1. Please name all residue pairs, on different chains or six or more residues apart, with Cβ atoms under 7 Å, provided the first residue is in the stretch 118-129 and is in contact (Cβ under 8 Å) with a residue 24 or more places away in the chain and the second residue is buried (at least 16 other Cβ atoms within 10 Å of the Cβ).
2. Does residue 234 qualify as being assigned to a helix (DSSP H, G or I), without any contact (Cβ under 8 Å) to a residue 40 or more places away in the chain and in the same structural domain as residue 153 (by TED's automatic domain parsing)?
3. Scan the stretch 153-162 and give yes if some residue there is closer than 28 Å to residue 77 by Cβ and either assigned to a loop (DSSP other than H, G, I, E, B) or not assigned by TED's automatic domain parsing to the domain that holds residue 46 (or both), otherwise no.
4. Mind counting the residues in the stretch 146-162 that are touching a helix residue (DSSP H, G or I) at 6+ places or on another chain (Cβ under 8 Å) and over 12 Å from residue 202 (Cβ atoms)?
5. Select from the stretch 125-148 the residues that are modelled with pLDDT under 85, surrounded by 11 or more Cβ atoms within 10 Å (Cβ to Cβ) and in a helix (DSSP H, G or I) and list them in ascending order.
6. Across the stretch 58-81, what is the total count of residues that are over 16 Å from residue 19 (Cβ atoms) and surrounded by 13 or more Cβ atoms within 10 Å (Cβ to Cβ)?
7. Find the residue count for the stretch 163-185, including only residues that are part of a loop (DSSP other than H, G, I, E, B) and in contact with a helix residue (DSSP H, G or I) (Cβ under 6 Å, 6 or more places away or on another chain).
8. Any residue at all in the stretch 186-197 that's under 25 Å from the mean Cα position of the chain (by Cα), in contact (Cβ under 8 Å) with a residue 60 or more places away in the chain and part of a helix (DSSP H, G or I)?
């Protein structure tokens, strides 16, 4: 069997055509690729997306390039599967996104005037409603991680003008939610404390938005920092022949503070 895809590609269009040709070869001839469905690919796509996220946070451009390729393969794969049932083709997908981008950028492809990116966001949400979306929040996926979901909800609400006027107001809300959370804890009311904790997190995410901090990125960087310091602690303990569960907190703090200084 010969592979019909060209070996070299000198332009984006040629390279994309090459990928489509290889996808056809694999779908027709590879036992694994022939077996795949939209559903079987779904969890793999999610995994690839997280791998791209890791590469971005690690500022690893070569890894980003590789992961983008993996995701591009998945997009082409979905379209290929859909074409086999005459549902849609990759051409339909590409023309669909092109049409949507043109329609939602009237300040570029029409006669609308905008002053800044906030105007663009407001127009985007208003156009989506005209396209048939019943709610501004309707486009927020239910399965998004809660922290990312909260940020997207707030961004979309802001897009139609439902927002605080300044960051000082938001910080007052953070402090208010902190007091309400503490009050429920003091009363040992676990269920209400959970609700207030959710309100506190939501308000903190809101404040992060006002000071241009991405809460998901901030938390993930803290996660990575903790992991790095904890693994340093483990390695130093092991070098002295010790197990963490046999050490006192004071002993562990010595290594932890060393890790922080490093």
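1. 121/159; 122/159; 124/104; 124/159; 125/136; 125/156; 125/159; 127/104
2. No, not satisfied.
3. Checking the stretch 153-162: not a single residue is closer than 28 Å to residue 77 by Cβ and either assigned to a loop (DSSP other than H, G, I, E, B) or not assigned by TED's automatic domain parsing to the domain that holds residue 46 (or both).
4. Final tally of qualifying residues: 7.
5. 125, 126, 128, 129, 136, 138, 139
6. So the count comes out to 3.
7. Residues flagged as part of a loop (DSSP other than H, G, I, E, B) and in contact with a helix residue (DSSP H, G or I) (Cβ under 6 Å, 6 or more places away or on another chain) within the stretch 163-185 amount to 1.
8. Within the stretch 186-197, not a single residue is under 25 Å from the mean Cα position of the chain (by Cα), in contact (Cβ under 8 Å) with a residue 60 or more places away in the chain and part of a helix (DSSP H, G or I).
The values are calculated or read from the model by the stated rules, or taken from the named source; none is laboratory data. Given the structure is predicted, the values throughout are model-derived calculations rather than measurements. Ideal geometry is used to build each Cβ from the backbone, glycine not excepted, and the neighbour counts take in all protein chains shown.
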